[in-house]
Structure formats: structure tokens, C-alpha cells
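Below: the structure, in C-alpha cells.
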Amino acid sequence: GANAYVVDTSVSGTSANPIKWIGYNTTRNDNPTGANRPAWDANSVASSDVLRIDNMDNYFYNIIFKNAADDGITDITGGSDRSSWYNCRFTNNGDDGASSAELWYFINCEFDLNGGDGISETLNTRDLVIVNCYIHNNTSMGIRMTQANIDIKNTVIESNGATGCSISNGATSGALNANNCVAYNNTGASSDGFSISTTSTVAMPSNIINCSSVSNGQYAFNNVQTTSKFLVFDYNNYFGHTTELNNITAGANDTGDTDPLFTDPANGDFTLQSGSPCLATGFPQAMPGATGDYQWNIGVDQDDNTAAGTGGGASFFTMGD
């Protein structure tokens, strides 16, 4: 008897001419944020997904996917390709926020309060791209990848019930490319901030640069199989674990086991306080034509390279938008 919005897409776009689903508040193209975005609400109807997708090149903007009994969005057969989500939220779904991605892109999205993983890719063999996202308070993992590679940038993964970001693939894939990310307070005795478990020794080596992993249940960074190779593991921060690195050699430019001095992580503020060891200690930037030395901060906060003070100001993104 409940009204469930369950969208089953049936038409493919192309990379040059994708199909676009654009949410707005009161005026077309007003680009709403927060609660002003329209919600596709499955009303917890049994076995419901909010969105089931099985085709090519659908792009979604400014939409909340919520209250499904199963997944917020799911790839029905593993046949969808190059779908993208911008400024969307996946919340309070019974299982995963997003399930079985096939070369999917998530930009400025939030995944929270889902009964499974925030993002789970367990079916397909194409890569997953996550940029400027906030993945938090999900019952299981923040990100789970079992078939391909992950490219994740400027993203916070915190307070999930299992490992923050896990990749566990075979011999021909399984690279984790993480830049300027934070894994914080992902709980459970065997939960890591970032975990790589793959038998790949040469294909797609991982790069972890400018990342901070703090107060997770087990390791900050965990190379489970010992065979995984790193092209670069450097300029990282880790703190609050009995053992910080497992089967990973510390980078020459890591901060070591030091508190990053987040401003108020319990309330989602991962800006850096004045005196943080992560200020201006990240990977050096190359700026053609510019004079001087420039370096990233370690983590998501790139507001100030000298002193963030109270932690105010702009970061790469505003979490929850």
C-alpha cells in the first residue's frame, strides 16, 4: 500500500550525448543542495531498490536516493557503463547505498546510514571513480571493491562499521589510487582505514599519496597479501592504531605516527588546526610559470598551507552538500 518510486532505466545514452536526470528545487537548473534536492523515496517497500540501471551513459544530478529495502541504486546485470552521479545523496537504504558499479563516477556525493556498504562493487570488472565524496555511518564498509580498481580523491570515509576502503581482487587488477583522502574512526576489531588484498604483483600497482588514516579499528594502511605492489606510497599520515602499517614500507616523506589535529572530526570537520603536521607536508605541486615552493596538505583540507586556525574556510568540498 505504500508509494515507492522505483526507477528502472531502459534507454542508453552515449558518451557524447548522455541521458541526464537533473533535480531542482523551484527553478530548473537551480542546483539545489541539502534537503532542497528532490528525493526518490522507496518508502521501505519489500525488496525495493530506488534505482535499477542496466544501460549506458545515464547521468544523475542533485537527487536523494533513500529508504529502499535493498539498495539505493543497483546495476541489474552488470551491463551498465559510464554512469555518473553529481551532488547526489544515498541514505537510509536497507543494504548498500550504491551496489555493483560498472565504470561509475561519483562526484560530490554523500553515502550515509545505509544498512550495508556505502558503495559496493562485487559484480563487475570496470573501474570505480570517487571524487569529493563523504562516506560515513554505514553499517558495513565505506567502499568495497572486489573486481577492478578504485580511483578515489579528496574524499572522507568515516565512522563506518567495517573497513573504510577495501579492495580485494585477483592477479590482473586490484589497484587503489587514493589521493588527499581521510579514513577516520571506521570501527570493528579488524577494520582498517585502507585495505588492499590482491595477488596482483605487476598489473596496476597502487598509489596512495597525501592520505590520512586515523583511529580505525585495526591498521591505518593494510597490505593483506604482501604481494601487492606500490608505485608510490608516500606523503601520508597515520595515527591512533596499535600498528599503523601492515606489510607496507613507510614513505620517506610520511609524517609518521602523529596526530593530524583535525578541527572537530566527531562533527564532520576535517580541516586542520594550526600546528597540524599535515599542513604543507604533502606532495610538492608543479605550477608552470609560478615562482616559489608549493605543497599540498595531507588530507582533504587545502584551505591554507600555513595555519588553518579555527578550521574555518573552504576545503575541496563541503561535506553533506
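So which strands (runs of 3 or more DSSP E) stay within the stretch 17-70 end to end and still have 2 or more residues that are open to solvent by 20 Å² or more (accessible area, probe 1.4 Å)? Spell out how you get there, then give the answer.
Working: elements: 19-22, 39-41, 51-53, 58-61, 64-66.
Once the strands (runs of 3 or more DSSP E) in the stretch 17-70 are filtered for at least 2 residues that are open to solvent by 20 Å² or more (accessible area, probe 1.4 Å), what remains is 19-22, 39-41, 58-61.
For residues that are under 11 Å from the mean Cα position of the chain (by Cα), assigned to a loop (DSSP other than H, G, I, E, B) and hydrophobic (A, V, I, L, M, F, W, C), tally how many sit in the stretch 88-122.
Total satisfying the criteria: 1.
In the stretch 248-278, which residues are open to solvent by less than 20 Å² (accessible area, probe 1.4 Å), part of a loop (DSSP other than H, G, I, E, B), closer than 22 Å to residue 234 by Cα and not polar (S, T, N, Q)?
251, 260, 278 - these are the residues of the stretch 248-278 that are open to solvent by less than 20 Å² (accessible area, probe 1.4 Å), part of a loop (DSSP other than H, G, I, E, B), closer than 22 Å to residue 234 by Cα and not polar (S, T, N, Q).
Of the residues that make up the stretch 226-248, is at least one polar (S, T, N, Q) and closer than 23 Å to residue 107 by Cβ? Walk me through how you get there before you give the answer.
First pass over the stretch 226-248, keeping only residues polar (S, T, N, Q): 226-228, 236-237, 242-243, 246-247.
Add one more test, that the residue is closer than 23 Å to residue 107 by Cβ, and what stays is none.
No: the stretch 226-248 contains no residue that is polar (S, T, N, Q) and closer than 23 Å to residue 107 by Cβ.
In the set 84, 168, which member is under 23 Å from residue 42 (Cα atoms), surrounded by fewer than 24 Cβ atoms within 10 Å (Cβ to Cβ) and modelled with pLDDT under 95?
So the residue among 84, 168 that is under 23 Å from residue 42 (Cα atoms), surrounded by fewer than 24 Cβ atoms within 10 Å (Cβ to Cβ) and modelled with pLDDT under 95 is 84.
Which residue pairs have Cβ atoms under 6 Å apart, sit 6 or more places apart or on different chains, and have a first residue in the stretch 39-60 that is free of Cβ contacts under 8 Å to residues at least 60 places away in the same chain and a second that is hydroxyl-bearing (Ser, Thr, Tyr) and assigned to a strand (DSSP E or B)?
Close Cβ pairs satisfying both conditions: 49/74; 52/74; 59/84.
Is it true that some residue in the stretch 219-229 is in a loop (DSSP other than H, G, I, E, B), without any contact (Cβ under 8 Å) to a residue 40 or more places away in the chain, of a type in the set (Phe, Trp, Tyr) and crowded, with 21+ Cβ neighbours inside 10 Å?
Looking for residues that are in a loop (DSSP other than H, G, I, E, B), without any contact (Cβ under 8 Å) to a residue 40 or more places away in the chain, of a type in the set (Phe, Trp, Tyr) and crowded, with 21+ Cβ neighbours inside 10 Å, one finds at least one in the stretch 219-229, hence yes.
Please find, among 207, 185, 237, the residue that is surrounded by 22 or more Cβ atoms within 10 Å (Cβ to Cβ) and either closer than 14 Å to residue 166 by Cα or not basic (Lys, Arg) (or both).
Numbers: 207 fails: surrounded by 22 or more Cβ atoms within 10 Å (Cβ to Cβ); 185 fails: surrounded by 22 or more Cβ atoms within 10 Å (Cβ to Cβ).
Unique residue meeting the criteria: 237.
Is it the case, given these coordinates, that residue 291 is open to solvent by 30 Å² or more (accessible area, probe 1.4 Å) and within 21 Å of residue 165 (Cα to Cα)?
no
The values are calculated or read from the model by the stated rules, or taken from the named source; none is laboratory data. Because the structure is a prediction, the values reported are computed rather than measured. Note: ideal-geometry Cβ built from the backbone for every residue, glycine included; neighbour counts use all protein chains shown. Ligands, DNA and RNA are stripped out before the accessible areas are found, and what is left, the full protein with its side chains, is counted by its heavy atoms. Shrake-Rupley method; radii C 1.70, N 1.55, O 1.52, S 1.80 Å.
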